[in-house]
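Structure, as structure tokens:
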Amino acid sequence: MGEALHQFFIWVGVLVCLVFLVKCVRFCKCIVLSFRKVQPSSFLQSMGQWAVITGAGDGIGKAYSFELAKHGLNVVLISRTLGKLQAIATEIERTIGSRVKIIQADFTKDDIYEYIKEKLNGLQIGILVNNVGVLPNLFPSHFFSEPDEIQNVIHCNITSVVKMTQLVLKHMESRQKGLILNISSGIALCPWPLYSLYSASKAFVRMFSKALQVEYKEKGIIIQVLTPYGVSTPMTKHVNTSIITKSAEDFVKESLKYITVGDETCGCLAHEILAGLLSLIPSWALYSRGLQRVLLTSYTNYLEQNIKVK
Ligand SMILES: NC(=O)c1ccc[n+]([C@@H]2O[C@H](COP(=O)([O-])OP(=O)(O)OC[C@H]3O[C@@H](n4cnc5c(N)ncnc54)[C@H](OP(=O)(O)O)[C@@H]3O)[C@@H](O)[C@H]2O)c1
């Protein structure tokens, strides 16, 4: 019995070391890649002529639109506010010279996909960035204190990813080429109280993306889920940037370095480190009443002092 127990603990130890080693290798890969240049334009262009970006009118989606156009792709911008899309299209065409198509669509509706399909018809789509998403409340709050945006969150954060993927993946499959970037969130990496609905919707994106990558990897298609933490955008009321909180432009530039790192990345080294540190917190502490109270008070105060739009 004593010998068996001894062997058991040795194997548990070996297993823990192996898991830690895998994490270290992944982390080292990110450090190396963070010093590397963004994927060469030829790599991104080799996926196809057009990149489609949802939620392209502002924040991270807008930054992807500019960055991918700079890499020589033509871009399809899909978002809600026509004026913002027109302004971005004009600026991209004027300053970068890529072709731009705009599609005004409201992702809180579920009858928009036939219209989007028609508009995308005939384009060789190499890249899809499933970026559109809504956060019901930037400030931590209990489920019933959040604005009632259940359907909007489900349509925008979940349905859009599945339906847009369905629209482009078939063509990518027949060309044996394509890149799909699904923007989830760092708070999808584990259950996140006080952001329950948003965190769960983003966990869906993460699981869907990772499972789909297994199905389509052999077919030459890269499907990657990004799990960033703070990025200063309208969603985060333009919170001040810091080592942790990135500007949308910096985040997007850095995230494009990690396309080949695997099926999942935080998108930047700072967030990769933060995710590593958070994963060390045992769940009894993470979900303790004390920490929830800190989130409701100190984190709310921090946000209030650091956001630019009140
Ligand atoms: N910012 C962060 O800290 C952070 C962190 C982790 C993950 N993310 C994720 O990253 C993605 C982009 O976030 P963001 O911060 O850039 O968001 P954002 O600043 O709110 O911008 C979102 C864009 O999506 C558009 N949009 C919103 N609702 C829409 C709808 N119903 N139909 C069509 N378009 C709609 C907005 O359109 P309008 O221009 O008309 O407003 C805007 O252009 C989201 O999926 C978010 O969950 C963000």
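The values are calculated or read from the model by the stated rules, or taken from the named source; none is laboratory data. What you are looking at is a predicted structure, and each value in this text was computed from that prediction instead of being measured. Here the Cβ positions follow ideal geometry from the backbone for every residue, glycine too, while neighbour counts run over all protein chains shown. For accessibility, only protein heavy atoms count, side chains too; no ligands or nucleic acids. Shrake-Rupley method; radii C 1.70, N 1.55, O 1.52, S 1.80 Å.
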- Only Cα pairs under 8 Å and at least 6 apart count here; give the relative contact order of the chain as a rounded whole percent. 17
- Item | Sequence of Ile102, Ile183 when ordered by accessible area, the most exposed leading, probe 1.4 angstrom | Ile102, Ile183
- Message: Between helix 82-95 and the chain, what is the angle of the helix's C-alpha long axis to the longest principal axis, kept within 0 to 90° and rounded to the nearest 10?
- Response: 80
- Task: Can you find, among Tyr115, Gly48, Ile78, the residue farthest towards the positive end of the dipole of segment 37-306? Put +1 on the C-beta of Lys and Arg, -1 on that of Asp and Glu.
- Result: Gly48
- Item | Area accessible to solvent at Arg293, 1.4 Å probe radius, in Å² | 140
- Query: To the nearest µm²/s, what D does Stokes-Einstein give for the chain at 4 °C and 1.567 mPa s, using the Kirkwood radius over alpha carbon pairs as Rh?
  - Reply: 63
- Task: Could you name the lysines whose alpha carbon sits less than 20 Å from that of Lys257, not counting residues in the same chain fewer than 8 places away?
- Result: Lys23, Lys29, Lys37, Lys62, Lys70, Lys177, Lys210, Lys217, Lys246
- Task: Between the alpha-carbon centers of segment 172-241 and segment 247-292, tell me the distance in whole angstrom.
- Result: 12
- Message: Report the gain in length on full extension from Gln151 to Ile10: 0.36 nm times residue separation, minus Cα-Cα distance, nm rounded to one decimal.
- Response: 45.8 nm
- Taking the Cα centre of segment 37-306 as origin and charging only Cβ (+1 Lys, Arg; -1 Asp, Glu), how large is the dipole, in debye to the nearest 20? 460
- Message: If you count only protein heavy atoms with a 1.4 Å probe, what accessible area per residue comes out for segment 37-306, rounded to a whole Å²?
- Response: 46
- Task: At a Cα cut-off below 16 Å, give the aspartates and glutamates reachable from Lys84, other chains included and same-chain residues fewer than 8 away excluded.
- Result: Asp58, Glu93, Asp106
- Message: Keeping all protein chains in place and using 1.4 angstrom, which order do Lys210, Lys119 fall into by accessible surface area, from largest down?
- Response: Lys119, Lys210
- Query: How far apart, in nm, are two points set 7 Å out from the Cα along the Cα-to-Cβ line at Asp111 and at Thr241?
  - Reply: 4.2
